[in-house]
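The values are calculated or read from the model by the stated rules, or taken from the named source; none is laboratory data. Since this is a predicted model, take the numbers as computed values, not measurements. In this analysis, Cβ positions are derived from the backbone assuming ideal geometry, glycine residues included, and neighbour counts consider all displayed protein chains. Note: areas computed on protein heavy atoms with side chains; ligands, DNA, RNA excluded. Shrake-Rupley method; radii C 1.70, N 1.55, O 1.52, S 1.80 Å.
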Amino acid sequence: MTLVRIEPGSFLMGSSKDQIDCLMREFPDVKRECFNDEQPQHPVKLTRPFYLGNHPVTQGQYQAVMGDNPSHFKGSDDLPVESVSWFDAVAFCNKLSEREKRTPFYRINGTEVNVLGGDGYRLPTEAEWEYACRAGSATIYPFGDDASALGEFAWYDKNSENKTHPVGQKSPNAWGLHDMAGNVWEWCADWYEAEFYASSPPADPPGASGAPPRVIRGGSWGGQPVGSRSAYRIGVEPTSRYNSLGFRLAVGESGC
């Protein structure tokens, strides 16, 4: 696992009204209410450094830890693992932590998952994910506002040939992270709530509490550019397994 250190800092989370107006002009078939859960745009401060995988977990890495490969698309160990549920992802985090003599971050009892903390691997929070994806940018995409440049950074519906691709082939963002847009969606730690931004804490937001879906971010090989933006967020059931959905590891500063 190659991890990139992400320094603490502040950013504007979500989309502004001006950005949404711009998106409505570029994607007139998308309904304005589709952007409601990205509002209000609000300042967020991350007070602690953390480490994030420089690409999604691959099939080779998943196979080495879990002993199987559930992915639909196969042919290379460097393809991102997909068809994994949120529960599969946190189980991977714990098992890899145990292999490396770290304290598992989660207590898992069937579908009941509690955070223990410590130096083990975990999923990034939604705020950590967006902060790392933006990599200091305040634009619609990490590289700017023009969707025509997306193909340099992401596998999406116009260039993917309807399949995943080996990680790390596209240009990284400014902080050295590959595939933050496209290729596979990525599970985040947080529960999903469409209205959460209206009451989100200003520092180290933990996400909503107790809502059934979990947040996924980043878009995928089958998605349109509008879904590969830094602010785009949706929620899916944590038991879901899609051939467009994988995950990326995070770990706190004490874990590295």
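Of all residues in segment 7-35 being in contact with a strand residue (DSSP E or B) (Cβ under 8 Å, 6 or more places away or on another chain) and open to solvent by less than 40 Å² (accessible area, probe 1.4 Å), which is farthest from SER220 (Cα to Cα)? Can you show your working first?
Here is the first cut: in segment 7-35, the residues in contact with a strand residue (DSSP E or B) (Cβ under 8 Å, 6 or more places away or on another chain) are 8-14.
Still in the running and open to solvent by less than 40 Å² (accessible area, probe 1.4 Å): 9, 11, 13-14.
Working: GLY9: 27, PHE11: 24, MET13: 21, GLY14: 19 Å.
By that ranking, first place goes to GLY9.
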Among (1) buried (at least 20 other Cβ atoms within 10 Å of the Cβ); (2) under 16 Å from the mean Cα position of the chain (by Cα); (3) without any contact (Cβ under 8 Å) to a residue 60 or more places away in the chain - the single one ARG214 does not satisfy: (3)
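I'd like the residue in segment 100-155 that is on the phi > 0 side of the Ramachandran plot and over 18 Å from the mean Cα position of the chain (by Cα) and, out of all such residues, is surrounded by the most Cβ atoms within 10 Å (Cβ to Cβ). Quick ask: steps written out before the conclusion?
Filtering segment 100-155 down to residues on the phi > 0 side of the Ramachandran plot leaves 101, 110, 117-118, 135-136, 144.
With the extra rule that they be over 18 Å from the mean Cα position of the chain (by Cα), the set shrinks to 101, 110, 117-118, 144.
On the way: LYS101: 7, GLY110: 6, GLY117: 11, GLY118: 16, GLY144: 12.
So, considering only residues that are on the phi > 0 side of the Ramachandran plot and over 18 Å from the mean Cα position of the chain (by Cα), the one surrounded by the most Cβ atoms within 10 Å (Cβ to Cβ) is GLY118.
Yes or no: GLU38 acidic (Asp, Glu) and open to solvent by less than 60 Å² (accessible area, probe 1.4 Å)? Give the derivation first.
Values: acidic (Asp, Glu): yes; open to solvent by less than 60 Å² (accessible area, probe 1.4 Å): yes.
Answer is yes for this residue.
Out of all the residues in segment 152-164, is one or more at pLDDT 95 or above and over 24 Å from GLU26 (Cα atoms)? Can you show your working first?
First, pick out the residues of segment 152-164 that are at pLDDT 95 or above: 152-164.
Keeping just the survivors that are over 24 Å from GLU26 (Cα atoms) gives 163-164.
Yes, segment 152-164 has at least one match.
Restricting attention to segment 194-204, does a residue exist that is hydrophobic (A, V, I, L, M, F, W, C) and open to solvent by less than 10 Å² (accessible area, probe 1.4 Å)? Please lay out each step first, then the result.
Initial filter on segment 194-204 (hydrophobic (A, V, I, L, M, F, W, C)): 194, 196, 198, 203.
So of that shortlist, the ones also open to solvent by less than 10 Å² (accessible area, probe 1.4 Å) come out as none.
No - not one qualifying residue is present in segment 194-204.
Of all residues being in a loop (DSSP other than H, G, I, E, B) and open to solvent by 30 Å² or more (accessible area, probe 1.4 Å) in segment 177-193, which is nearest to ILE6 (Cα to Cα)? Just the residue, please. Quick ask: steps written out before the conclusion?
Restricting attention to segment 177-193, the residues satisfying the condition of being in a loop (DSSP other than H, G, I, E, B) are 177-184, 192-193.
Retained after the next criterion (residues that are open to solvent by 30 Å² or more (accessible area, probe 1.4 Å)): 178, 192-193.
Values: HIS178: 14, TYR192: 24, GLU193: 26 Å.
Among them, the one singled out is HIS178.
Would segment 87-99 turn up any residue that is assigned to a helix (DSSP H, G or I), of a type in the set (S, T, N, Q), in contact with a Pro (Cβ under 9 Å, 6 or more places away or on another chain) and within 22 Å of ARG5 (Cβ to Cβ)?
Within segment 87-99, the first condition is being assigned to a helix (DSSP H, G or I), and the residues that meet it are 87-99.
Still in the list and also of a type in the set (S, T, N, Q): 94, 97.
Checking the rest, the ones that are also in contact with a Pro (Cβ under 9 Å, 6 or more places away or on another chain) come to 94, 97.
Then keep just the ones that are within 22 Å of ARG5 (Cβ to Cβ); that gives 97.
Yes, segment 87-99 has at least one match.
Quick one: would you say GLY136 is modelled with pLDDT under 95, closer than 27 Å to LEU12 by Cα and not hydrophobic (A, V, I, L, M, F, W, C)?
Values: modelled with pLDDT under 95: no; closer than 27 Å to LEU12 by Cα: yes; not hydrophobic (A, V, I, L, M, F, W, C): yes.
No: the conditions fail for GLY136.
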Among what's in segment 62-106 and is basic (Lys, Arg) and in contact with a helix residue (DSSP H, G or I) (Cβ under 9 Å, 6 or more places away or on another chain), pick the residue that is farthest from THR164 (Cα to Cα). ARG102
Within segment 3-40, count every residue that is touching a Gly at 6+ places or on another chain (Cβ under 7 Å) and part of a loop (DSSP other than H, G, I, E, B). 2
Tell me, which residue of segment 201-243 that is part of a loop (DSSP other than H, G, I, E, B), at pLDDT 95 or above and of a type in the set (Gly, Ala, Ser) is nearest to SER160 (Cα to Cα)? GLY222
Could you say whether any residue in segment 41-63 is open to solvent by 40 Å² or more (accessible area, probe 1.4 Å) and either at pLDDT below 95 or assigned to a helix (DSSP H, G or I) (or both)? yes
